[in-house]
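Report on the following structure.
The values are calculated or read from the model by the stated rules, or taken from the named source; none is laboratory data. Every value quoted in this text rests on a predicted model; they were computed, and no experiment measured them. Note that we place each Cβ from the backbone using ideal geometry, even for glycine, and neighbour counts take in every protein chain shown. Accessible surface areas use protein heavy atoms only, side chains included; no ligands, DNA or RNA. Shrake-Rupley method; radii C 1.70, N 1.55, O 1.52, S 1.80 Å.
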Amino acid sequence: MSQRLFEPITLRGIQIRNRIWVPPMCQYAVEEHDGVATDWHLVHLGALARGGAGVVIVEATGVVPEGRISPKDLGLWNDEQRDALAPIVRFMRSQGAVAGIQLAHAGRKASAWPEWGTEQTDGSIPLDAGGWETVGPSAVAFPGLRVPRELDEQGIAEVVRAFAAAARRAVEAGFELLEIHGAHGYLVHEFLSPMSNHRTDAYGGPLENRARLLLEIVDAVRHEAGESVVLAVRLSATDWADGGVTSDETVQVASWLGERGVDLVDVSTGGNVPAAIPAGPGYQVPFATAVRAGSKLPVGAVGLITEARQAEHILLTEQADVVLVGREMLRDPNFPIRAAQAVGATPPVPAPYRRGFRQAT
Ligand code: FNR
């Protein structure tokens with residue numbers, strides 16, 4: 001049976017065993033306010049790798065303390081955080097997965113409550129309850145959250161340096177794929193979108209200015225991380241709102257990313273302003289296809305991809321080069337094994353489990 005899901009894909013000379021990737025998913029499982037990975041991260045990420053995914057991308061990881069979404073986020077601004085990730089990466093790689101990590105700055109959406117483990121979930125965490133001052137391109141709040149401090153040029157340069165330093169630590173920890181978070185209303189997306197970026201300097205106004213922060217981060221990360229690491233960028237291809245980022249702009253940004261040596265664009269949508277999003281199976285795939293056609297870069301499609309045949313169809317019809325499967329992988333980390341059975345490929349069963357997958361008992 002012809003199938004694409006389990007056809008390896010090679011990026012930067014790194015062969016990836018299949019095209020089912022796990023997107024970054026915040027766990028809010030850091031125990032202290034120190035950004036250091038825990039046993040939860042080892043078991044969670046280890047299970048996803050053991051389940052057969054081609055790439056497992058670690059959750060949004062703050063490049064600076066104020067860039068975390070919540071106090072329970074991972075961070076990568078010091079060596080202790082790097083050293084806690086290293087054995088997790090080693091295990092993921094031992095299972096045949098490529099280990100990736102999403103480097104992130106939450107901008108004006110930082111200092112938020114974690115999704116679980118607290119009574120409150122709405123609004124910003126107050127400064128006297130463990131919250132912090134947030135930053136953004138302009139002093140414009142995400143509705144319901146704190147008004148951010150507008151970053152000056154020095155502050156922007158520090159953000160770029162922090163992404164580069166985190167990238168170096170990620171490579172030192174053994175990650176082979178880095179994803180820059182440019183989506184979901186966090187700092188890079190806030191700069192890209194005219195809805196949150198009202199600047200009149202070199203970082204605001206026309207698209208090339210709004211994209212400047214992202215492009216500077218890409219250059220700095222590539223310089224610091226070296227040529228052998230796979231570099232991906234996650235973008236929100238639309239704000240789902242008039243006056244926001246458009247699909248055409250996203251195609252243009254992706255083309256610039258390609259010129260700068262980005263290897264893949266992970267195409268998501270939304271998050272910068274509250275919006276009614278028509279979510280249904282595969283609803284973001286057309287945005288990925290537009291980026292692929294317009295930029296000629298490999299793309300990942302994500303969002304309500306939950307079935308093997310659906311995923312296979314997206315790849316066979318060349319709508320995307322890989323699929324990222326999030327919540328379905330939380331429900332069943334062995335989804336790649338089931339998917340292989342469904343499309344007639346050899347299931348990526350780990351050796352100690354093989355007896356469990358034989359026909360006869
Ligand atoms: C997410 N998502 C997400 N996205 C991202 O870019 N960085 C992140 O850290 C997170 N965190 C996160 C946590 C949890 C628990 C969920 C469910 C989602 C979004 C995620 O990567 C993905 O884009 C969406 O979940 C859509 O894909 P699925 O779940 O429909 O396959």
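Values as computed for the structure displayed
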quantity: On Cα atoms only, tilt of 285-295 relative to the major axis of the chain in degrees; calculated: 80
quantity: Choice from Phe287, Phe142, Phe163 with maximal GNM fluctuation in the chain (Cα, 10 Å cutoff); calculated: Phe142
quantity: Two-site label geometry, Ala279 and Leu330: point separation in nm, points 7 Å out along Cα→Cβ; calculated: 1.0
quantity: Expected 222 nm ellipticity per residue - DSSP helices of 4 or more, -39500 (n - 2.57), all of the chain, to 500; calculated: -10000 deg cm²/dmol
quantity: Among His189, His198, His105, residue whose mean-square fluctuation peaks in a GNM of the chain (springs only between Cα atoms under 10 Å); calculated: His198
quantity: For Glu176, distant residues with modelled amide H under 5 Å away; calculated: Ala99
quantity: Counted charge near Leu213, where neighbours are those whose Cβ lies closer than 14 Å (Asp, Glu -1; Lys, Arg +1); calculated: -3
quantity: Solvent-accessible surface ranking, highest first, for Asp83, Asp248, Asp266 at 1.4 angstrom; calculated: Asp248, Asp83, Asp266
quantity: R0 of 22 Å, Cβ-Cβ distance Glu32-Glu227: FRET efficiency to nearest 0.05; calculated: 0.05
quantity: Rg to Rh, two decimals, where the chain supplies the alpha carbon set and Rh follows Kirkwood; calculated: 0.96
quantity: Estimated dipole of the chain in Debye, rounded to 20 [Cβ of Lys and Arg +1, of Asp and Glu -1, Cα centre]; calculated: 1460
quantity: FRET efficiency estimate (nearest 0.05) - Cβ-Cβ, Gln310 to Thr118, R0 45 angstrom; calculated: 0.80
quantity: Dimensionless Rg over Rh [segment 216-312; C-alpha; Kirkwood]; calculated: 1.00
quantity: Distance (nanometres) between label positions extended 7 Å along Cα→Cβ at Ala241 and Asp128; calculated: 3.1
quantity: Zone residues, segment 50-77, relative to Val43, backbone N less than 14 Å from point 7 Å out along Cα-to-Cβ; calculated: none
quantity: Longest exposed-site-free window of the chain, the sites being GluC sites (Glu not before Pro) in a DSSP loop that have at most 15 other C-beta atoms within 10 Å; calculated: 134-226
quantity: Histogram of C-alpha separations across segment 246-287, 10 Å bin width, %; calculated: 23, 49, 25, 3
quantity: Difference of contour (0.36 nm per residue) and Cα-Cα distance, Ile14 to Ala293; calculated: 98.1 nm
quantity: Theoretical gain in end-to-end length, Trp256 to Glu7 [0.36 nm per residue, Cα-Cα removed]; calculated: 86.8 nm
quantity: Within the accessible area of segment 76-131 (1.4 Å probe), percent carbon and sulfur; calculated: 48
quantity: In nm, spacing of pseudo-spin labels at Glu153 and Ser94 (7 Å Cα→C-beta vector); calculated: 5.0
quantity: Within segment 34-71: backbone nitrogen closer than 11 Å to the Arg355 label point (7 Å, Cα to C-beta); calculated: none
quantity: GNM top mover of Ile16, Ile217, Ile277 - the chain, alpha-carbon springs below 10 Å; calculated: Ile277
quantity: For segment 227-241, 3J(HN,Hα) per residue [Karplus equation, 6.51 cos²θ - 1.76 cosθ + 1.60, θ = phi - 60°, Hz, x = Gly/Pro]; calculated: 7, 8, 7, 6, 10, 10, 10, 9, 10, 8, 6, 8, 8, 6, 7
quantity: Whole-number accessible area per residue in Å² for the chain, which is evaluated in the context of all protein chains at 1.4 Å; calculated: 40
quantity: Helix 212-225 axis, angle to the chain major axis (alpha carbon atoms, nearest 10°); calculated: 50
quantity: Folded to 0 to 90 degrees: helix 247-259 orientation relative to the chain principal axis, Cα; calculated: 80
